Amino acid sequence: MSEQIQQNRILAFAAIFALFFVWSQNTMNPFADRLSKGPLPSEPTAPTPLPKGQTAPLKIQTPAASNNQQAGSELQVQATQTPAAAQVATTQATNQIPTDAQINGAGVYKIKNESFEASISSLGGRLISFTLNDHRQDLEEGTGNYQIVSHTDGYPYPLGLYSGPVSDASVKYEVQASTGFGSAADGTLSVTQPARLVLSGALPSGQTLTKTFSFTTSGHGIGVEAAINPAPQDSAPLELEISKYVPEDDFFYSEANSGVVHFDGEAANRSIFSKVASESEQLTNIVWSALSETYFSQVLKSDTGPVRANTREASGLIYTRLSQGPATANFTFYGVPKDYDLLTEMGGELQRTVDFGWAGFLSAPLLSLLHMLNKVFGNYGVAIVVLTIFVKLLLFPLNAAQFKSMKAMQKLQPEMKRIRENVKDKQEQQMQLMQLYQKAGVNPLGGCLPMVLQMPIFLGLYFGLMADFGARHAPFGFWVQDLSAKEVAFTLGGIGIPILVVLMMISMVYMTATTPSTMEPLQKKMMMFMPIPFGFFFAQFAAGLTLYWLTNNIISVGQNKGMYTEKEGNGLKYTLFACGACLSVALFVAIFGN
């Protein structure tokens with residue numbers, strides 16, 4: 001292979017390595033700096049931050065003397081109480097965020113439909129639990145269904161209501177009305193038809209707060225209608241909050257496809273959790289806001305059109321509030337898996353919570369094809385292998401054109417070397433080289449252009465696999481039982497050994513060792529070193545990404561071997577052979593490894 005080919009390969013590997021390095025610096029950032037800030041000072045013109053164990057003073061300009069009374073209801077709803085309920089009065093008097101023991105002691109309403117089971121506290125009217133029925137927390141037995149709410153004791157739960165400096169964290173809500181529920185033996189309220197749960201409570205000022213929660217028999221949404229009576233004289237807006245406690249993690253914590261998302265009807269404004277500032281970020285014309293993890297999101301959507309959003313970080317708590325009011329507000333809360341097809345069907349552009357990066361226009365159709373292949377083969381690992389084969393065959397004409405151009409350049413190497421040695425004037429040297437290219441009918445950029453055209457497709461597939469919910473808990477075979485998790489075949493001395501990553505590194509070394517080269521020894525050593533950082537990074541990535549890269553490497557080995565031969569058509573022949581071998585091994589793993 002010519003020196004030009006080797007230089008291009010080095011540049012390609014260096015570019016991809018730089019991409020991974022930049023990605024790691026922006027998405028594998030520990031939270032130590034942010035968590036060391038401590039509680040934030042309050043702002044007189046913005047909602048007060050919520051440091052651990054405290055709320056803002058309950059102040060309102062318009063006092064009222066009306067008493068809240070519980071109305072009749074279709075179903076008598078009672079929250080189970082414990083002796084800890086006696087602490088509620090003290091909590092209201094001292095105006096602190098209740099502890100988990102106090103919240104559970106005051107009573108919790110459990111509601112379930114076909115998609116989720118939620119728990120709403122009577123103290124504060126907050127969402128203290130939201131589990132998805134069809135998605136497990138982990139593959140291990142006994143881990144239960146996935147919990148959307150991320151919380152730690154002493155911090156506020158989601159769906160808190162605010163009016164200026166007023167918080168309902170310690171308001172004791174009572175059931176005012178309920179319709180559409182059927183009760184289970186354990187006291188859980190089952191949604192048998194469109195249902196409503198109306199909670200009402202009083203502030204120390206005498207004002208009445210009302211929260212009406214609406215449920216459907218299926219789906220992932222909860223309607224939240226809030227009201228304050230009488231409305232504050234200063235016309236402070238009603239704000240509803242979603243929040244997520246993000247603990248400090250180790251160096252390898254990945255925020256890929258995670259963070260705060262604000263959608264304004266046209267574009268999604270994103271910020272990873274570690275970059276959320278302690279100062280308020282005020283945004284206008286927001287349709288919905290989301291706190292998005294890699295595979296799940298909690299979303300708060302305004303039901304009355306675009307509104308103002310306020311996002312902050314306080315001592316590990318990420319929260320965002322949407323404003324309406326001042327007297328009433330209507331929102332919908334969603335706890336959803338980031339399944340692109342499901343979110344698209346739900347409407348409201350909720351699929352924008354999935355971040356494919358700038359290559360999204362390619363990632364979305366490639367993932368649609370991947371999901372179709374999964375339905376055909378019944379194994380997500382096989383689907384990834386088949387999709388990789390499809391992409392490699394699609395790009396084969398470009399690879400062939402690249403190699404043809406490189407080979408033509410290789411034949412000109414002696415004459416090019418003579419010109420560079422004999423012609424010292426750079427301008428004259430370039431003119432003679434261009435004349436040589438024209439005489440031979442060679443385009444010096446012909447080998448680079450196909451590589452440039454291939455990169456967007458590669459990156460689209462790469463970022464698509466990173467964000468693909470379908471890979472979560474999807475098995476391939478043998479030790480790879482979750483393609484969204486880091487691969488560990490076995491442990492050796494306390495260190496997990498990823499076989500696919502090791503095979504990927506071997507394939508890279510093999511390609512370098514078997515590729516004809518005119519490189520200097522130092523350059524050759526550099527190429528042999530490249531698999532080490534790649535292996536380091538891929539050991540932290542999802543197994544599905546490693547499977548894709550390994551399959552791509554094996555097909556490239558066969559493709560290159562065929563193209564290095566002089567016989568016409570060997571490039572395609574060897575490529576098809578490598579594709580067939582990859583598919584055969586994948587089917588073997590899927591059939592005998594499960």
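Scoring Tyr380 on the criteria (1) assigned by TED's automatic domain parsing to the domain that holds Val557; (2) surrounded by fewer than 20 Cβ atoms within 10 Å (Cβ to Cβ); (3) hydroxyl-bearing (Ser, Thr, Tyr) leaves a single failure, condition (2). Taking the stretch 261-275 as the range and being out of contact with any Leu (no Cβ under 6 Å at 6 or more places or on another chain) and of a type outside the set (Asp, Glu) as the test, the residues that pass are Val261, Phe263, Gly265, Ala267, Ala268, Asn269, Arg270, Ser271, Ile272, Phe273, Ser274, Lys275. Kindly evaluate Val385 against the criterion of being surrounded by fewer than 15 Cβ atoms within 10 Å (Cβ to Cβ), under 29 Å from the mean Cα position of the chain (by Cα) and under 28 Å from Pro456 (Cβ atoms). Against the criterion (surrounded by fewer than 15 Cβ atoms within 10 Å (Cβ to Cβ), under 29 Å from the mean Cα position of the chain (by Cα) and under 28 Å from Pro456 (Cβ atoms)), Val385 does not qualify. Checking Glu241, Glu279, Glu255, Glu313 one by one, the residue that is farther than 21 Å from Glu349 by Cβ, buried (at least 20 other Cβ atoms within 10 Å of the Cβ), more than 18 Å from the chain's Cα centre (by Cα) and modelled with pLDDT under 90 is Glu313 and no other.
In the set (1) modelled with pLDDT under 75; (2) in a strand (DSSP E or B), Lys524 fails one condition alone, (2).
None of Thr353, Thr328 is over 24 Å from the mean Cα position of the chain (by Cα), closer than 20 Å to Leu127 by Cβ and of a type in the set (Val, Ile, Thr) except Thr328. Every condition in (1) in contact with a strand residue (DSSP E or B) (Cβ under 9 Å, 6 or more places away or on another chain); (2) among the polar types (S, T, N, Q); (3) touching a residue at least 24 places away in the same chain (Cβ under 8 Å) holds for Ser315 except the one numbered (1).
Among the helices (runs of 4 or more DSSP H) confined to the stretch 381-472, the ones with at least 1 residues that are over 26 Å from Gly562 (Cα atoms) are located at 413-422, 426-440, 449-467.
Count of the stretch 127-156 residues, restricted to those that are closer than 22 Å to Tyr319 by Cα and within 25 Å of the chain's Cα centre (by Cα), is 15. If the condition is being part of a loop (DSSP other than H, G, I, E, B) and closer than 16 Å to Pro397 by Cα, then the stretch 564-594 contributes Glu568, Gly569. Would it be correct to say that Gly347 is assigned by TED's automatic domain parsing to the domain that holds Leu291, modelled with pLDDT under 95 and surrounded by fewer than 22 Cβ atoms within 10 Å (Cβ to Cβ)? Yes, satisfied.
Table: residues versus (1) touching a strand residue (DSSP E or B) at 6+ places or on another chain (Cβ under 8 Å); (2) of a type outside the set (S, T, N, Q); (3) outside any strand (DSSP E or B).
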residue: Gly180; (1), (2), (3): yes, yes, no
residue: Ala185; (1), (2), (3): no, yes, yes
residue: Ser190; (1), (2), (3): yes, no, no
residue: Arg196; (1), (2), (3): yes, yes, no
residue: Leu199; (1), (2), (3): yes, yes, no
residue: Thr210; (1), (2), (3): yes, no, no
residue: Ser214; (1), (2), (3): yes, no, no
residue: Ala226; (1), (2), (3): yes, yes, no
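Table: residues versus (1) among the charged types (D, E, K, R); (2) within 30 Å of Pro232 (Cβ to Cβ).
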position: Ile111; (1), (2): no, no
position: Ile120; (1), (2): no, yes
position: Leu132; (1), (2): no, no
position: His135; (1), (2): no, no
position: Gly142; (1), (2): no, no
position: Tyr146; (1), (2): no, no
position: Ser150; (1), (2): no, no
position: Asp153; (1), (2): yes, no
position: Pro156; (1), (2): no, yes
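The condition of being at positive phi and either buried (at least 21 other Cβ atoms within 10 Å of the Cβ) or assigned by TED's automatic domain parsing to the domain that holds Arg321 (or both) holds for only one of Gly219, Gly201, Gly223, that being Gly219.
Among the residues that make up the stretch 333-343, is at least one of them under 30 Å from Thr208 (Cβ atoms), part of a strand (DSSP E or B), among the hydroxyl-bearing types (Ser, Thr, Tyr) and in contact with a helix residue (DSSP H, G or I) (Cβ under 9 Å, 6 or more places away or on another chain)? Yes, there is a match, as at least one residue in the stretch 333-343 is under 30 Å from Thr208 (Cβ atoms), part of a strand (DSSP E or B), among the hydroxyl-bearing types (Ser, Thr, Tyr) and in contact with a helix residue (DSSP H, G or I) (Cβ under 9 Å, 6 or more places away or on another chain).
Counting only residues that are among the polar types (S, T, N, Q) and part of a helix (DSSP H, G or I), which one in the stretch 353-380 is nearest to Pro456 (Cα to Cα)?
In this case the residue turns out to be Ser363.
The values are calculated or read from the model by the stated rules, or taken from the named source; none is laboratory data. All values derive from a computational prediction rather than experimental measurement. Using ideal geometry, Cβ is built from the backbone for each residue, glycine included, and neighbour counts are taken over all protein chains shown.
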